[in-house]
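The values are calculated or read from the model by the stated rules, or taken from the named source; none is laboratory data. Quantities reported herein were computed from a predicted structural model and do not represent experimental measurements. Cβ atoms come from the backbone with ideal geometry, glycine included; neighbour counts cover every protein chain shown. Ligands, DNA and RNA are excluded from the accessible area calculation, which covers all protein heavy atoms including side chains. Shrake-Rupley method; radii C 1.70, N 1.55, O 1.52, S 1.80 Å.
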Amino acid sequence: MILKIVFVSVNFQYRLYSKHLPIFIKYNSTKSFKFWSTLRYPIIPFKLADIGEGIKEVTVKECFVKLNQKLNQFDDVCEVESDKASVKITSRFDGYVKNINFKEGDVIPVGSTLLYIETEEIKEKDAKIEEEAIVEELSENAVEIDKTQLSDYTGGNQIQTTEQSLTKNILITPAVRRIAKEYQVDLKKVKSTGKNGRITKEDVLVYLNQPSKVSEPVFANNVGLQPITGYRKVMMRTMTESNRIPTLTLSDEINVSNLETLRKSVKKLLQNDDVKVTLLAFVVKAISLALERYPILNSILEYETITYLSSHNIGIAVDTEAGLVVPNIKNVQRLSIRLIAKEIQRLQQLAIENKLSLLDTANGTFTISNIGSIAGTVVKPLILPPQVAIVGIGRIRTLPRFNENDQIEKCSIINVSWAADHRIIDGGTIARFSNLVKRYVENPGLLVTDA
């Protein structure tokens, strides 16, 4: 087997870890290597574990550890942000931090090493270390050493090997290399500012924003490049997929005058409570009751298979500074309107503070986009796959309408815009579903009797 080692300078010293025994590598201008080892406490890598939901990489929001710091099990190591939620990473070991492989703002893939921890006692399964060079930076050129030779050298024994190839290597993380490749950046021309000559993401962005040497028109307000991360990244991916779905849309208006009167009465009853009951809470309950009659709208479509879901996990789209995010209220079919309102309040606050957990955003079954809270009356919402339906709600307007006695009266009107996956849902189904939701909302007493 072959061990690849990347060179970063003409004179350097690097440290490998073979099981519980550190191995040192030294390279100098004589173009030879020396290997030696000293017996120390086990130094093990602490890797970023799979945090679920198919997440491949995360962005470091905050680092909580320092070099040589004493670390105990379950101490916070860092807080990371995926394209779905923020998660605090905690230590699985007791020991001392010997190396930190990340900084705030770095994009790191799942499975990469966050820290090296020196610990006195570890389980054998936790001490299993890949026998590869501990070099995070990628390079096109490397020196090859017979890997079997390393296991024979411990204590003061040494070995020398000659250089097979040595070229100038660029120190850069895979995430930054990916950005450079995407924008066709010649890394040799980028001025590095990171530790040991490392090219950082900021270095690449500064290079991209430099004015071209070729004479071009000068614009007053140049706009810099910003990689898509976090909530916007998941929105880009899911909306691109959603745009491929053949979608059936239907719009209608609902008179919420009676519901608004009921809401005001409930508000008075709960005036000493910390729950703010909005019209949205009633609409969520109405949709849940209608889903019991039309369960295909509470299903997911994957691999030409429809999966009917018993839980009504209704998502609420929330507009935040970090982008659009859709947490969901779990098991709405079991909740009262007061509890629904309380959960909406909790999820919206966490979304604004960018503190949603993976549980808050996972396993949604139906989505509501309350765009009317900002502006607009009619919207064409896009389905959030693998879900099969979504509704957009416009703002409340005061409009004249005829009542049952053919008399004109002032009414509070909202527009609802339904979108359904036309591959499995026909127009009649979504129309009847819309009528049932409308019946519940316009006759709010049914929300109690049918619940």
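Just a few scattered comments:
- Rounded percent of accessible protein surface that carbon and sulfur make up, the range 262-309, 1.4 Å probe: 51
- Straightening the chain between residue 443 and residue 303 buys 46.5 nm, computed as 0.36 nm per residue apart minus the Cα-Cα spacing.
- As a calculated quantity, the FRET efficiency between residue 358 and residue 399 at R0 = 30 Å, using C-beta atoms, amounts to about 0.10.
- Heavy atoms of residue 402 accessible to a 1.4 Å probe, total area in Å² rounded to 10: 150
- Cα-based shape type of the range 302-451, given that a ≥ b ≥ c are square roots of the gyration tensor eigenvalues and the cut on a/c is 1.5: prolate
- Computed over neighbours whose Cβ is under 14 Å from that of residue 329, the net charge equals +4, Lys and Arg +1, Asp and Glu -1.
- Computed with a 1.4 Å probe over protein heavy atoms only, the accessible area of residue 406 comes to about 120 Å².
- For residue 247, residues with placed amide H under 5 Å, excluding near neighbours: 422
- Shape category assigned to the range 325-408 from the gyration tensor of Cα positions, a/c cut at 1.5: prolate
- Of the whole protein surface, residue 378 contributes about 90 Å² of accessible area at a 1.4 Å probe radius.
- Euclidean distance of C-alpha centroids, the range 312-366 and the range 423-448, integer Å: 22
- Between the residues 394, 416, 427, the greatest Cα displacement towards the positive end of the dipole of the range 389-430, with unit charges on the Cβ of Lys, Arg, Asp and Glu, is found for 394.
- When the residues 119, 249 are ordered by accessible surface, computed with a 1.4 Å probe over the protein chains alone, the sequence from largest down reads 249, 119.
- 3J(HN,Hα) along the range 356-361, derived from phi through the Karplus expression 6.51 cos²θ - 1.76 cosθ + 1.60 where θ = phi - 60°, amounts to 5, 8, 4, 4, 5, 10 Hz, with x in place of Gly and Pro.
- For the residue pairs 88/181; 103/195; 88/276; 98/233, the C-alpha atoms sit more than 23 angstrom apart in 88/181; 88/276; 98/233.
- The range 275-329 shape via C-alpha gyration tensor axes, a/c threshold 1.5: oblate
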